[in-house]
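Below is one structure, written out as structure tokens; comments come after it.
The values are calculated or read from the model by the stated rules, or taken from the named source; none is laboratory data. Note that the structure is a prediction, hence the values are computed from the model and not measured. Cβ coordinates were reconstructed from backbone atoms using ideal geometry, including for glycine residues, and neighbour counts include every protein chain displayed. Heavy atoms of the whole protein, side chains included, go into the accessibility calculation; ligands, DNA and RNA do not. Shrake-Rupley method; radii C 1.70, N 1.55, O 1.52, S 1.80 Å.
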Amino acid sequence: GNGRGLRTGGEIIVRTESVLLQSLCVPCFNHCRHCLLSWNGSAEGAPWERSLITAERFLNELRRMKPDITGSFAFGYAMDHPKLAEALRTLRALGSPQAELLQCDGMKMRQEAKCLELMRMLLAEGVRRLNFTFYGNADYHDRFAGRPGDYLLLFRMMKAARNVGLPFSTGIMLTCENVSQINDLTGRLREAGSEKIILIVPHGEGRGKQLA
């Protein structure tokens, strides 16, 4: 859940403003060193159909009991659901922001034609923006992501997104190891069409503690 602190009479009261229910039921094709979700190769969340039943019941009860709190449902470890178009429609029906903003990390390998096909489908299903995460230039990124070719895959997907007119932003995990690569990488991302580039300092969730 997310919340904010309110100072009243010298005391700070934390008030919950939103709750995110997430089912880790979709495999990720990367094995990132820092994985904040501690992905270990096995999807440990409840099966998709059962997740939906739980999510719908939870969100309905939240709206009824706590209408001042925003609730949403999402899935992971990655967004590459085997029935992605259907999943996006379901998320939209549940009012989930993930139906409009797709995080394109850890997706299966696709060549240019399949990337273009994917982007056209996302656009048709109402996705409004994409985001891609980078860890450095090609060799370093692939080692960090734990998969050869992941860097080029992200650029193929960004090219396809640009071709269909689907806006995207990028994030770069900033560490002492890759800081010398940032200027070159941000230049490449701007050339690729990234509307916004954000530098992210990894934190200690999941295996992020290994980067301390």
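Please state the relative contact order of the chain as a whole percent: Cα pairs under 8 Å, 6+ residues apart? Don't skip to the answer; put the middle values down first.
Values: 349 pairs, mean separation 43.4, N = 212.
Relative contact order, the chain: 20 percent.
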Practice prompt. For an R0 of 25 angstrom, estimate the FRET efficiency from the Cβ-Cβ distance between L152 and L123 and round to the nearest 0.05.
Written response: 0.65
Item to complete: For the chain, give the magnitude of the charge dipole about the Cα centre (Cβ charges: +1 Lys/Arg, -1 Asp/Glu; no others), in debye to the nearest 20.
Response: 280 debye
Worksheet item: From the phi of every residue in region 108-116, what ³J(HN,Hα) in whole Hz does the Karplus formula 6.51 cos²θ - 1.76 cosθ + 1.60 yield, where θ is phi - 60° and glycine or proline is x?
Response: 5, 5, 9, 7, 4, 4, 6, 5, 5
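Which net charge results when you count Lys and Arg as +1 and Asp and Glu as -1 among the other residues whose beta-carbon is under 11 Å from that of S169? Can you show the working numbers first?
Values: positive: R129, K196; negative: E195.
For residues surrounding S169, the net value is +1.
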Worksheet item: Which longest uninterrupted range of the chain lacks any trypsin sites (Lys or Arg not before Pro) assigned by DSSP to a loop state (not H, G, I, E or B) and surrounded by at most 15 other Cβ atoms within 10 Å?
Response: 1-82
Worksheet item: When the accessible area of the chain is split by element with a 1.4 Å probe, what percent falls to carbon and sulfur?
Response: 53 percent
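Could you tally the net charge around A55, taking each other residue with its Cβ under 12 Å from the Cβ of A55, Lys/Arg +1 and Asp/Glu -1? Mind dumping the intermediate values first?
Working: positive: R50, R57; negative: E49, E56, E61.
Spelling it out: positives minus negatives among the neighbours equals -1.
Could you tell me the calculated FRET efficiency between L36 and R143, based on Cβ-Cβ distance and R0 = 22 angstrom, to the nearest 0.05?
Values: r = 18 Å, r/R0 = 0.83.
So the FRET efficiency works out to roughly 0.75.
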Item to complete: Evaluate the charge dipole of region 22-118 about its Cα centre and quote only its size in Debye, nearest 20, assuming +1 on the Cβ of each Lys and Arg and -1 on the Cβ of each Asp and Glu.
Response: 140 debye
Fill in: Local electrostatic count, C25, Cβ distance below 11 Å [Lys/Arg +1, Asp/Glu -1]
-1
